[in-house]
1. Quick one: 124, 157, fewest Cβ neighbours within 10 Å first, how do they rank?
2. Say each of residue 139 and residue 99 gets a label point 7 Å from the Cα, pointing the same way as Cα to Cβ; how far apart are those two points in nm?
3. Starting from the eigenvalues of the Cα gyration tensor, five times each then square-rooted, give me the equivalent ellipsoid semi-axes of the range 2-57, largest first, whole Å.
4. With no solvent and one point per C-alpha, what does the Debye sum give as log10 I(q)/I(0) for the range 19-105 at q = 0.10, 0.20, 0.25 Å⁻¹?
5. So how much slack lies between residue 64 and residue 13, counting 0.36 nm per residue of separation and subtracting their Cα-Cα distance, in nm?
């Protein structure tokens with residue numbers, strides 16, 4: 001059973017790879033907004049039902065890329081640490097796929113495409129703090145986390161579009177300096193911390 005599952009997972013990854021490659025090839029021919037699912041299926045050599053077994057819409061292809069590049073997790077308060085929502089950037093993935101990421105950044109409004117995901121994605125993480133926050137604190141938490149995550153994604157996208165003008169370590173340092181220091185006004189609200197995974 002496990003062998004069958006692994007084989008199925010490999011097939012899904014292979015199909016998603018074909019779809020992503022098809023999208024990249026199509027971006028050489030036309031704007032992202034003018035590419036439709038039929039174009040992607042034709043270029044990938046797959047049937048429409050195959051596409052829809054893997055994705056609901058073409059933006060989901062980008063979200064896969066997003067989820068590979070960024071991981072989010074919750075750091076609960078403990079001795080000598082604060083509550084935090086940690087946004088981890090995969091340095092290895094970004095360097096390896098820089099040309100692809102730049103191509104995506106230049107061919108579409110990546111901030112606009114990722115904003116809905118950036119709004120939904122941290123929702124479950126924020127929920128983990130709900131029981132320890134007052135209703136007012138919870139609302140402030142939602143707004144602050146969305147503001148910081150969407151702002152961070154916009155800055156990262158701009159950094160990619162401009163050929164990574166500074167090392168990623170410096171970018172992460174700047175992003176962390178820009179996060180709102182809440183510990184003074186809102187000690188219970190988690191902060192957003194940006195870090196690098198270079199494995």
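No value in this document is a laboratory result; all are computed from the given coordinates. Predicted, not measured: the structure shown is a model, and the values here were computed from it. Here the Cβ is made from the backbone with ideal geometry for all residues, glycine too, and neighbour counts use every protein chain on show.
1. 124, 157
2. Placing both labels 7 Å beyond Cα along the Cβ direction yields 5.1 nm.
3. Calculated on Cα positions only, the semi-axes equal 24, 11, 8 Å.
4. -0.36, -0.95, -1.23
5. Full-extension gain reported as 17.3 nm.
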